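Remarks on the structure that follows.
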Amino acid sequence: MGQAPETIVLDDGSEILRDRRAEWTGSRPAGGGWPIECYASGVNANQAQELRDFFKTHGCPTEVTANGDPVYRDANHRKRALKLRGFCDKASYC
């Protein structure tokens, strides 16, 4: 890995400055970005209703898209829904 330059000079002589603040921001918006549609914990489209029923039966009603992807309202909802299904992720939702 090399080091990124502080500035880049374009052919027309103008400079583009390095934005360190942008480099350190996460991929999600500052406001949290909720609700989120989770592709990773989704199911096949023909199993979407089965997943809706599973969440409802276990006391965690969750919207599931026609494609089979659950939509989590907030972090607590996500944590609960993932735990019900026995999933873990990088944010330690186990």
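Observations
- Per-residue HN-Hα couplings for the range 37-54 [Karplus 6.51, -1.76, 1.60; θ = phi - 60°; Hz; x = Gly/Pro]: 9, 9, 6, 5, 9, x, 10, 4, 4, 6, 10, 4, 5, 4, 5, 4, 5, 4
- Proximal lysines relative to K56, as straight alpha-carbon distance under 22 Å, when same-chain residues fewer than 8 apart are discounted: K79, K83
- For the range 35-89, the percent of C-alpha pairs falling in each 5 Å distance bin, counted from 0 to the bin holding the largest distance, reads 5, 23, 35, 28, 9, 0.
- Residues whose placed amide H lies under 5 Å from that of V43, excluding near-sequence neighbours: D69
- Ordering of 42-53, 73-84 by packing [mean C-beta count within 10 Å, highest first]: 73-84, 42-53
- Dividing the mean sequence gap of close Cα pairs (under 8 Å, 6+ apart) by how many residues the range 35-89 holds gives a relative contact order of 39 percent.
Since every read-out is calculated from the coordinates, none of them should be taken as a lab result. Nothing here was measured: the structure is a model prediction, and the numbers come from that model. Note that we place each Cβ from the backbone using ideal geometry, even for glycine, and neighbour counts take in every protein chain shown.
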